[in-house]
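Worksheet: the structure to be examined is printed underneath.
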Amino acid sequence: MNFLILNDDLISVNGMSNFSFLFSEHLRSSYSDVNVIHYDFVNKKYFNLKENIEDGKIVIDGIYVNGHYSNFDRFFVKYGRPGLNSFFPNFNLDHTSIIIISHGWKAVVWKFNFYNIYYNLNNLTVFKYHKLKRILLYDNILFISEVSDKFRHLDYCYCLSSKTNFLFYDFAASFINESEIAFKSPDATITKLYKVLIISNPDFVKNLEFLILLLLKNRFYKRNRKYTLLSKIPSNLYFKVLYSILISLGLEIVFDQSKKNFLLSRMDYLFIPSHTEYLPIVSLEAFKVGSWVVSLNRIPSLMKFKNYRFLRK
């Protein structure tokens with residue numbers, strides 16, 4: 001069997017790219033004699049393509065589109081199956097099942113702290129069901145979280161209320177066995193320098209502006225905390241200015257993506273300042289090494305983990 005996973009950017013360390021490779025391992029373990037091919041939309045590159053491409057020679061049994069409003073989701077909604085046939089002329093897609101993987105319904109692009117107002121306006125009943133019907137263009141939808149709420153899990157609520165068929169893959173359970181975790185307890189001595197890691201690319205939904213307040217409080221109250229941000233170099237002027245301000249306030253910013261595992265293994269806490277998250281993959285990676293995860297806003301899909309805390313609902 002051949003499966004094709006369509007992604008935006010596999011070179012980045014963001015959760016979507018990490019999920020893609022981890023999900024491919026799940027497919028390999030679920031089927032015998034399976035080949036999982038990745039395609040990177042941004043870099044126009046195949047990963048794990050073992051065969052020479054010839055017209056119609058590679059029959060694709062299933063296509064997984066990695067995320068709502070990803071480049072390929074927008075492409076498929078606009079052009080449908082004929083568009084995919086044109087985009088991948090060297091694959092046989094005649095009997096291919098096309099599945100969308102949900103990582104939450106709608107990302108937030110608002111710059112300021114009007115998140116709830118903006119989000120609710122975008123999801124008024126008169127608008128939201130029309131938008132959600134794009135799910136029906138796919139043969140199926142795959143959820144990796146069974147939490148119901150009115151924000152990032154809105155598509156799951158829609159499928160339940162409309163009795164739309166869906167698949168569920170308990171990604172958290174397959175990626176991490178909580179019973180095997182040796183939880184690290186942060187040293188409570190007064191001289192302890194707590195190491196706090198934030199992993200985020202420049203993105204408005206990540207609420208990196210909140211770090212300014214955090215760093216100012218850290219300086220004013222003389223707290224023993226060292227904050228490190230692992231990110232990529234911003235191309236947007238707004239984030240270039242923001243990163244300069246954060247550095248001047250004492251934030252260490254690491255742009256070397258290969259240091260992710262090194263930083264994860266040495267932190268005391270992973271902090272997630274985002275306005276909203278669905279199932280942040282990096283939190284599972286932190287749990288796996290026994291670390292604590294703290295988020296600014298409550299993340300429903302992480303509530304079952306005993307070493308997870310949030311600052312506000």
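By the scheme Lys and Arg +1, Asp and Glu -1, what is the net charge of all other residues having a beta-carbon under 13 Å from that of LEU215? Provide the component values of the computation, followed by the final result.
Numbers: positive: LYS217, ARG219, LYS222, ARG223, ARG225, LYS226; negative: GLU209, GLU252.
So the surrounding residues net to +4.
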GLU25 - accessible surface, heavy atoms, 1.4 Å probe, Å² rounded to 10: 110
Net lengthening on full extension, SER174/LEU237 (0.36 nm per residue, minus Cα-Cα): 18.7 nm
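Past 31 Å, Cα to Cα, is the threshold; run LYS44/LYS195; LYS57/LYS133; LYS44/LYS131; LYS45/LYS306; LYS78/LYS306 against it and keep the listed order.
On the way: LYS44/LYS195 37 Å; LYS57/LYS133 34 Å; LYS44/LYS131 28 Å; LYS45/LYS306 40 Å; LYS78/LYS306 43 Å.
Listed pairs above 31 Å: LYS44/LYS195; LYS57/LYS133; LYS45/LYS306; LYS78/LYS306.
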Computed accessible area, ARG219, all protein chains, 1.4 angstrom probe, square angstrom: 140
Per-residue SASA entry for MET1, accessible area with 1.4 Å probe, Å² rounded to 10: 90
Spin-label pair LEU136/LYS78, simplified geometry with 7 Å Cα→Cβ offset, distance in nm: 2.3
Anisotropy class of segment 210-270 from Cα gyration tensor, a/c 1.5 cut: oblate
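The values are calculated or read from the model by the stated rules, or taken from the named source; none is laboratory data. On a predicted model such as this, the values are computed, not experimentally measured, just so you know. Using ideal geometry, Cβ is built from the backbone for each residue, glycine included, and neighbour counts are taken over all protein chains shown. For accessibility, only protein heavy atoms count, side chains too; no ligands or nucleic acids. Shrake-Rupley method; radii C 1.70, N 1.55, O 1.52, S 1.80 Å.
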